[in-house]
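Below you'll find the structure, written out as structure tokens, and then a few comments.
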């Protein structure tokens with residue numbers, strides 16, 4: 001009985017890994033890796049150290065919040081995210097129009 005259960009769990013794990021490997025682009029089994037529209041476009045990543053106001057501002061902007069705060073360092077981090085995100089979106093739109 002235990003042996004059948006172990007085999008069942010292994011089959012489920014293999015199926016789950018296989019599904020996540022081959023269906024990475026919203027269920028398209030023929031699309032591996034990044035979407036052609038995002039090739040060459042760099043998604044914004046937080047370049048600041050974790051305990052800095054810049055980092056907190058960057059994350060605040062990433063969460064979709066407005067870049068208004070009493071701390072100029074916080075606002076600068078948030079504005080940096082907004083700027084990088086706008087560049088990323090423009091890049092994707094340029095790639096899609098080709």
**Message:** Testing residue 87 on (1) at positive phi; (2) out of contact with any helix residue (DSSP H, G or I) (no Cβ under 8 Å at 6 or more places or on another chain); (3) at pLDDT 75 or above, one condition comes back false. Which one is that?
**Reply:** (1)
**Complete:** Cβ pairs under 7 Å, 6+ apart or interchain, first in the stretch 79-91 and in contact (Cβ under 8 Å) with a residue 12 or more places away in the chain, second surrounded by 15 or more Cβ atoms within 10 Å (Cβ to Cβ) and assigned to a helix (DSSP H, G or I), ordered by first then second residue, are 80/58; 81/58; 81/61; 81/62; 82/61
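The values are calculated or read from the model by the stated rules, or taken from the named source; none is laboratory data. Because the structure is predicted, anything quoted here is derived from the model rather than measured. Methodologically, a virtual Cβ is constructed for each residue, glycine included, from the backbone with ideal geometry; neighbour enumeration extends over all protein chains shown.
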